[in-house]
1. Does residue 154 satisfy the condition of being free of Cβ contacts under 8 Å to residues at least 24 places away in the same chain and within 30 Å of residue 12 (Cβ to Cβ)?
2. Within segment 32-43, restricting attention to residues that are assigned to a helix (DSSP H, G or I) and surrounded by 15 or more Cβ atoms within 10 Å (Cβ to Cβ), which residue is nearest to the chain's Cα centre (by Cα)?
3. Does residue 53 fit the bill of being in a helix (DSSP H, G or I), free of Cβ contacts under 8 Å to residues at least 24 places away in the same chain and surrounded by fewer than 16 Cβ atoms within 10 Å (Cβ to Cβ)?
4. Please verify whether segment 2-13 includes one or more residues that are under 17 Å from residue 80 (Cβ atoms), more than 19 Å from the chain's Cα centre (by Cα) and either surrounded by 14 or more Cβ atoms within 10 Å (Cβ to Cβ) or free of Cβ contacts under 8 Å to residues at least 40 places away in the same chain (or both).
């Protein structure tokens, strides 16, 4: 339900902002989304004792260089008690911008560091396969192998050392 409502707000934003303005809105919403990770901020925004005008002023003060259109957008969210949708709206807006630009971000999850040349090679191969621009970011984990996730495309590629060992053992046992 949340994503359906968020999609409607994103559609309205994209229709009014234009291609360049939408990126500014995304940066503003990303700043607010990051602020949502702070408990004090959530307590202030969801406080029933705080007036709507105060919530609007508080939210717009967290964003540098917000224009009147963005302030009106925040007024609409606060007025309809949809402030909790800001993270979902931000995620949906990122997805729509990715679709518009045909550029997607992904993650390489590994227990060891990935060489920059190898990462560039993987990005180029994935970009040609999906006919779009793919940018991968490193993420350290205790995953025994390598996993590539591109969430917006619904792609997950993994190579697990444990799975390889299990398949080799199974193959050897079948051969005996």
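1. Considered against the rule, which asks whether it is free of Cβ contacts under 8 Å to residues at least 24 places away in the same chain and within 30 Å of residue 12 (Cβ to Cβ), residue 154 comes out as yes.
2. 33
3. Answer is yes for this residue.
4. Scanning segment 2-13 turns up at least one residue that is under 17 Å from residue 80 (Cβ atoms), more than 19 Å from the chain's Cα centre (by Cα) and either surrounded by 14 or more Cβ atoms within 10 Å (Cβ to Cβ) or free of Cβ contacts under 8 Å to residues at least 40 places away in the same chain (or both).
To keep it simple, each residue is scored yes or no on (1) more than 16 Å from the chain's Cα centre (by Cα); (2) assigned by TED's automatic domain parsing to the domain that holds residue 12.
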{"site": "65", "(1), (2)": "yes, yes"}
{"site": "86", "(1), (2)": "no, yes"}
{"site": "90", "(1), (2)": "no, yes"}
{"site": "129", "(1), (2)": "yes, no"}
{"site": "148", "(1), (2)": "no, no"}
{"site": "153", "(1), (2)": "no, no"}
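The values are calculated or read from the model by the stated rules, or taken from the named source; none is laboratory data. Only a predicted model underlies this, so the values are computations on that prediction, with no experimental measurement involved. No Cβ is skipped: glycine too gets one built from the backbone with ideal geometry, and neighbour counts run over all protein chains shown.
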